[in-house]
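A.B. asks: Below is the structure I would like to discuss, written out as structure tokens.
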Amino acid sequence: MAAEVVCPGTLLLGEVVMEPSKVVPYFGSVEKPECHMLYNVTTMASTWHTVATRDVRLLKHQLGTVFALPKQYTFLNYLRCHDDIGWGLDYDFLGQFGTNEVQHKKFLNDYFTGKLWESNGRGELYNDDPTLGDARLCGTTASLCGVEAAVYEKNDWKLNMSLELDEMLHAFLFTQSGIPVLYSGDEIGQLNDYSYHDDPLKWDDSRYLHRGDLNWDHVAMRNDMNTRQGRLFHALRKLEKIRASHPVFESDADAWIVETYNDHVLGIGRYYDNEKLIALFNFSEDEQVAWINEDEDYIDLMTGLQRDAKGVNLAGHSFAWLLHSYREKEYNTEAPTPVEKKTEAVDKPSTNAKPEKKKAEVKAEAKPAEKKAEVKAEAKPAEKKTEVKSEAKPAEKKTEVKAEAKPAEKKTEVKAEAKPVEKKAAVKPAAKKAQPAKKTTRKPAAKKTRKTTKKATTKKATTK
């Protein structure tokens, strides 16, 4: 209330580490908001739980709750930030699968610190309490995905798998409603910074592991696609551009969970402004099938190619953005634009004209008034000519005369003799329209044209 009085433009950002159902009250209500935005801490932590377990059931459960909230509730979505990862998961939900909270936290920490044989994650613990087993986790996105281990081992296959996981997680981030946030360095896959161990002012706070200075030498490599920095940077840029160009990613979109009948594959549906998106994410390193059965025609946004949304195969740590536009049918049923036909009609009498002039003639046929304005800007003599013709007031019949009589060819020949009047070729559509009447014989009209041409030429010479 104080902020509303003193500075109404202030936005209150809350940090609440709870399951989604307990987070809701901190938003207040739509009519009387308390926090305008909240860090989506729970989805972030659940995402890393899913990376370690390859099981999407908890993530599906929590996203279903988030999608049901009013669209005015805005989340800041992120994979990593300056802080540690706290395992504030919904253990009541996990308990039905036999998951014990203390043991599960230990498993997650062991996995992401590389203590388990199946793990490539490299992180460190924060505030480790062996008695309660409630340690938190630190590390950059790339290091937790396994990029650091792959670089150290010089294992290209492992590096490729780690980068694919990193890209898939960011695609999942961009699919959520709200504001996606990238932590500095994640766009180039920056690794952990262990130098804090040598600094007495920092060595007791492991969060400095992912707070290292931005490596500007690595930043300079972002445009080299042969480097991991370049590959990841351009992958995220592509995701960003696609997201910005489709309204289906708007926060006002309807969002729901798509049942894939596969606990390794997360499915999200979105609909907004006649666009429908089916997003699929494989959290397993093995190939999986999303057993969906959508009837519409879909385009894979990452490739631009048509792809069926039925029994979709996904490579390990890969994803698919499948889009169907209900506007496509409207576009396909439209008749060909009349401009194409007019171009053919104009091309026949003026085969010697330059392509640019043909283009100008087509525009003039469709919109005479606009072309006159363009001609005035190009050449002042043409402006004079337009004024003379407007006194005769034959404008209403111009369109009829243009289609039946063809004295324009003679005018073109006359202008071809005198080079100074070449620019008036662009006025030809207007000249055709300027025929006083259909009944006038062609010879007098030709004489009148020659007089007008001489006057225009004289005027042009005087101006120069």
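A.B. asks: Which one of these does GLU4 not meet: (1) of a type outside the set (A, V, I, L, M); (2) open to solvent by less than 70 Å² (accessible area, probe 1.4 Å); (3) at pLDDT below 90; (4) not in a loop (DSSP other than H, G, I, E, B)?
C.D. replies: It fails just one condition, (2).
A.B. asks: Which of the residues belonging to the range 68-81 are modelled with pLDDT of 95 or more and open to solvent by 40 Å² or more (accessible area, probe 1.4 Å)?
C.D. replies: none
A.B. asks: Could you list all residues from the range 262-298 that are open to solvent by less than 30 Å² (accessible area, probe 1.4 Å) and in contact with a Pro (Cβ under 9 Å, 6 or more places away or on another chain)?
C.D. replies: Listed by number, the list holds a single entry, GLU275.
A.B. asks: Considering every residue within the range 239-261, establish whether at least one is open to solvent by 70 Å² or more (accessible area, probe 1.4 Å) and basic (Lys, Arg).
C.D. replies: Yes, the conditions are met somewhere in the range 239-261.
A.B. asks: Working only within the range 7-63, note down all residues that are part of a loop (DSSP other than H, G, I, E, B), under 24 Å from ASN109 (Cβ atoms) and of a type outside the set (Val, Ile, Thr).
C.D. replies: GLU15, MET18, GLU19, ASN40, ARG54, ASP55 - these are the residues of the range 7-63 that are part of a loop (DSSP other than H, G, I, E, B), under 24 Å from ASN109 (Cβ atoms) and of a type outside the set (Val, Ile, Thr).
A.B. asks: Of the residues THR42, THR53, THR113, THR47, only one is within 30 Å of GLU148 (Cβ to Cβ) and in contact with a strand residue (DSSP E or B) (Cβ under 9 Å, 6 or more places away or on another chain); which?
C.D. replies: So the residue among THR42, THR53, THR113, THR47 that is within 30 Å of GLU148 (Cβ to Cβ) and in contact with a strand residue (DSSP E or B) (Cβ under 9 Å, 6 or more places away or on another chain) is THR113.
A.B. asks: Can you pull out every residue in the range 141-185 that is of a type in the set (Val, Ile, Thr) and either open to solvent by less than 10 Å² (accessible area, probe 1.4 Å) or under 25 Å from the mean Cα position of the chain (by Cα) (or both)?
C.D. replies: Answer for the range 141-185, where residues must be of a type in the set (Val, Ile, Thr) and either open to solvent by less than 10 Å² (accessible area, probe 1.4 Å) or under 25 Å from the mean Cα position of the chain (by Cα) (or both): THR141, VAL147, THR175, ILE179, VAL181.
A.B. asks: Under 7 Å between Cβ atoms, which residue pairs at least 6 apart in sequence (or on different chains) link something in the range 1-18 that is without any contact (Cβ under 8 Å) to a residue 24 or more places away in the chain with a partner that is open to solvent by 70 Å² or more (accessible area, probe 1.4 Å) and part of a loop (DSSP other than H, G, I, E, B)?
C.D. replies: ALA3/LEU12
A.B. asks: Output the qualifying pairs, or none if there are none: Cβ atoms under 6 angstrom, residues six or more apart or on different chains, first residue in the range 62-79 and hydroxyl-bearing (Ser, Thr, Tyr), second residue surrounded by fewer than 21 Cβ atoms within 10 Å (Cβ to Cβ) and at pLDDT below 90.
C.D. replies: Going by the 6 Å Cβ cut-off, the qualifying pairs are THR65/SER21.
A.B. asks: Let me ask you something else. Looking at this structure, is THR227 under 27 Å from the mean Cα position of the chain (by Cα), under 26 Å from LEU59 (Cβ atoms), of a type in the set (Val, Ile, Thr) and open to solvent by less than 40 Å² (accessible area, probe 1.4 Å)?
C.D. replies: no
The values are calculated or read from the model by the stated rules, or taken from the named source; none is laboratory data. Computed from a predicted structure; not experimentally measured. Because the Cβ atoms are built from the backbone with ideal geometry, glycine has one as well, and the counts that use them run over all protein chains shown. The area values use the complete protein model at the heavy-atom level, side chains included, leaving out ligands, DNA and RNA. Shrake-Rupley method; radii C 1.70, N 1.55, O 1.52, S 1.80 Å.
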